[in-house]
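What follows is a short report on a single structure.
Coordinate-derived values only; no laboratory data. Being a predicted model, the structure only gives us computed values, none of them experimental. Quick reminder, even Gly has a Cβ in these numbers, built from the backbone with ideal geometry, and neighbours come from all protein chains shown.
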Amino acid sequence: MKFSQASMAVVSLLGVLFVVEAFAVGPTRYVNDELVITLRAGQGSEYKILKSLASGTRLELLEESEGTDFSRVRTRGGTEGWVRSWYLSEIPTAKLLLADAVRKAESLEAENKTLRASSSSSTKISKSLKKQLSQLEKENSTFLKENIKLQDLARRPIELERENNRLTVEISRIKQDNIMLADENAGLRQSSVQKWFMAGSGVLIAGIIFGLILPRLRRNRASGWH
């Protein structure tokens, strides 16, 4: 199985993490690369075997016996007993470290894939949101234009009312002017009639006068000729 440089760096750091973890409760020891050792009730091969411990088994160190090569330990299951000290190591075996490192690397790789998928999904969502934002901006621009048109339409009744008032005043003035012109025309017509009447009367009177005078003139001329 091949790992990236980041994965190998994680594997390298895991050894340090295991060492640090040993100080959490008490000193920790691991069964070294020997295949199997025995956990006995006392310091010697004559004591009862309590448990067989495989390579890589994690143990809590309780006591190191002075003058002997035995150490008292406790298993994760709570069993306490004695084992040969030279079978113990302060760090896990290379095999155990590698297996744990591989598991962690695989977990990190899976998490990385999940994050990449999430990032890809986020990118798609971001593009979708940008597209929606662009569409909303276009719709907003359209709404603004329509709003301006509506404002213009809303102002038109006011302007029409003002124009109507102005025209009403203008019509009223024109009506007054028409009344004055009508009165003036009536006066002029009356004056003209009077003038025509007077002229006609004068012509009539002159005709009568001429009608009376002409016969006399004719008679006088006739008498003069005789």
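Working out 0.36 nm times the residue gap between I213 and E159, then minus their Cα-Cα distance, what length gain in nm do you get to one decimal?
Details: separation 54, 0.36 × 54 = 19.44 nm, distance 7.85 nm.
Value of the extension gain: 11.6 nm.
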Taking a crude spin-label model, label points 7 Å out from Cα along the C-beta direction, the I171 to S122 distance in nm is 7.2
Spatially proximal lysines relative to K104 (Cα-Cα < 29 Å; intrachain offsets below 8 disregarded):
K2, K95, K113
Sorted largest first, the Cα spans of the stretch 127-206 on the principal axes come out in Å as 113, 18, 6
So for each of 157-164, 53-60 I average, over its residues, the number of other beta carbons within 10 Å; can you give me the resulting order with the highest mean first?
53-60, 157-164
Check which residues have an amide H placed less than 5 Å from L39's amide H, if you skip close sequence neighbours.
L50, K51, S52, L53
